[in-house]
Amino acid sequence: MAKYWNPEAECMSREQMHSLQSERLCSKIKEVYDSVPYYREKMDQAGVKPEDIRSVDDLHLLPFTSKQDLREAYPYGLFARPNKDIVEIHATSGTTGKQIVAGYTKNDLAIWGEVMARTLTAAGGDENSVVQSSYGYGLFTGGLGAHYGAQTMGAMALPTSSGNTERQIRLMHDMGTTILCCTPSYALYIGETIRDMGLDINEFQLEAGVFGAEPWTVEMQHEIERLLNIRTVDVYGLTEIIGPGVAFSCDQECGIHINEDHFIPEIIDPETGEVLPDGTLGELVFTCVTKEGMPMMRYRTRDITSITHEACACGRTLARMKKIQGRSDDMMIIRGVNVFPSQVESALLDITDVAPHYMLIVDREGTRDTLEVQVEMTEQFFSDEVKQLEKLEKEIFEKLKSALGLATKIKLVEPKSISRSEGKAVRVIDKRKK
Amino acid sequence: MMLVKQISVFVENARGKLSKVTEILAKNGINIRALSIADTTDFGILRLIVQDPDKALAVLKENEITVKSTDVIVVEIDDKPSGLNSALVLLRDAGVAVEYMYAFVSKRENEAYVILKSDNAEQAVKALTEGGVRVVPSKEVYEL
């Protein structure tokens with residue numbers, strides 16, 4: 001069993017990595033300065049010229065980019081290649097018109113296949129594997145990311161996508177799936193459904209799982225490992241950078257290896273923007289040095305973690321990050337979908353004209369994340385008839401479903417029952433175990 | 001004036017929410033003549049007929065309770081089999097729909113009152129009156 005997909009890249013010395021990153025960074029900066037007016041303006045404003053970047057040590061001189069930049073430059077403003085070179089588009093979940101799109105060239109898809117092949121190999125995969133991708137296929141990067149990785153590795157891809165769980169399980173059994181890729185909560189659900197169907201997990205060929213796209217606890221990881229009798233790999237990624245495969249865990253359970261020959265990580269203080277040393281918690285920032293379609297420069301992920309550059313017992317020298325510890329903004333990930341309280345607010349505004357007081361309660365029922373939206377009743381919407389209030393609930397439900405892409409539970413509550421805070425309003429109570 | 005002001009109150013379906021409303025009414029000396037609750041899993045609508053609806057409305061609003069006044073009609077029927085049926089048949093034949101209703105018994109013997117919310121109050125009053133069913137004037141209802 002191959003231990004690494006690409007040992008040259010995954011196990012190179014720190015000196016080699018430094019010079020590779022420096023070389024790639026310098027040429028990528030020149031390229032984006034010339035081809036992306038949005039970046040050129042940002043760099044000019046910051047007083048940085050491409051020739052100021054002489055090695056990866058100069059990375060901190062570059063301005064940050066954020067979700068806001070992607071929204072302002074929507075749809076094509078941050079693309080570094082003409083549309084004729086772009087062969088695929090993906091997008092993040094988000095309010096219509098405010099979603100973030102990413103364009104991939106043929107070479108970008110090859111990079112994506114490469115980093116996912118590294119991930120699947122770390123899960124024990126090779127060309128004999130049957131890789132079932134039970135992430136959603138479509139604009140979401142999960143389904144196709146795992147798919148490309150499986151094909152790059154030479155394995156058999158089984159693109160079941162998510163949903164229709166019993167059929168998935170029958171295929172998993174009959175085709176002899178060895179590696180399952182999906183969100184951790186869906187993995188738990190699959191495991192429970194196998195049990196409910198009265199099937200014995202030992203009659204399956206399943207060996208490993210590659211799970212990500214939403215936060216999961218170590219307890220949950222162990223629960224999945226026990227339920228499915230497999231070992232698990234934690235895969236990290238985001239659409240803006242490439243999708244899943246930005247980083248992956250090894251069998252040492254000591255962090256998540258970042259594919260830093262493609263995506264250079266930094267940890268910054270989210271308040272000051274100052275770069276923080278290894279081992280310090282801060283916001284994770286990525287610079288794409290090989291991507292062509294949409295190479296992000298110092299992109300602020302808003303994910304809070306810390307990194308270390310010490311070599312790992314698994315033999316990889318790639319920098320490692322901790323599991324995501326939190327967010328530096330108020331984004332929540334619910335059933336793999338990114339949700340901002342502001343999206344809920346603007347959807348409610350569409351119905352009520354006046355911003356109502358609301359509270360989001362995130363919880364987990366069994367394996368399923370739930371989102372309850374409590375909305376304070378106002379005189380304007382109150383009726384003496386139950387059917388009118390139920391109609392209002394239904395209207396809010398539908399509006400949120402189309403805005404968030406997520407079914408929520410709507411609860412109308414009495415005025416003033418949602419606590420008012422002096423400073424920033426607390427809009428979210430997350431009861432899920434961290 | 002045949003239309004009676006009913007006070008509707010939004011109450012969350014949780015412990016202590018109902019008594020919060022009745023406490024405010026009690027403190028302000030407002031007597032409840034009749035009531036009903038429509039309940040769902042999460043919330044209920046408390047519907048009240050009180051002696052002084054305007055005052056009730058004001059004091060509840062002062063206490064930041066979601067409250068609304070709705071016009072309903074009160075029908076006096078004989079406290080015997082078919083009493084209610086004859087009134088409903090009149091409404092059905094007049095094409096008036098009943099949204100909800102609830103009843104209370106009079107202090108006087110042999111009489112009961114039914115509170116009706118219909119989709120067309122004016123037409124309901126007309127149909128009932130012409131059919132010989134007594135619609136109780138609002139003033140009389142508040143003093144019951």
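Summary table
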read-out: Residue list for region A:410-434, filter: more than 24 Å from the chain's Cα centre (by Cα), modelled with pLDDT of 75 or more and surrounded by fewer than 17 Cβ atoms within 10 Å (Cβ to Cβ); value: A:415, A:416, A:417
read-out: Residue match in region B:127-136 (condition: within 13 Å of chain A (Cβ to nearest Cβ), in a helix (DSSP H, G or I) and either at pLDDT below 90 or surrounded by 15 or more Cβ atoms within 10 Å (Cβ to Cβ) (or both)); value: no
read-out: Subset tally (residues that are assigned to a strand (DSSP E or B) and either buried (at least 21 other Cβ atoms within 10 Å of the Cβ) or not assigned by TED's automatic domain parsing to the domain that holds residue A:216 (or both)) for region A:283-302; value: 9
read-out: Single unsatisfied condition, residue B:25 versus (1) more than 13 Å from chain A (Cβ to nearest Cβ); (2) within 20 Å of residue B:103 (Cα to Cα); value: (2)
read-out: Unmet requirement for residue A:342, which otherwise passes all of (1) within 14 Å of chain B (Cβ to nearest Cβ); (2) among the polar types (S, T, N, Q); (3) under 31 Å from the mean Cα position of the chain (by Cα); value: (1)
read-out: When residues of region A:87-127 are limited to those that are hydroxyl-bearing (Ser, Thr, Tyr) and at pLDDT below 95, the one nearest to the chain's Cα centre (by Cα); value: A:92
read-out: Residues located in region A:363-404, provided they are away from chain B (no Cβ under 14 Å), surrounded by 18 or more Cβ atoms within 10 Å (Cβ to Cβ) and at pLDDT below 90; value: A:367, A:369, A:403, A:404
read-out: Extreme residue, nearest to the other protein chains (Cβ to nearest Cβ), among residues of region B:35-52 that are in contact (Cβ under 8 Å) with a residue 40 or more places away in the chain and buried (at least 20 other Cβ atoms within 10 Å of the Cβ); value: B:47
read-out: Pair list, Cβ under 6 Å, 6 or more apart: region B:69-98 residue within 14 Å of another protein chain (Cβ to nearest Cβ), other residue part of a loop (DSSP other than H, G, I, E, B) and surrounded by fewer than 17 Cβ atoms within 10 Å (Cβ to Cβ); value: B:97/B:119
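The values are calculated or read from the model by the stated rules, or taken from the named source; none is laboratory data. All values reported here derive from a predicted model rather than from experimental measurement. Cβ atoms come from the backbone with ideal geometry, glycine included; neighbour counts cover every protein chain shown.
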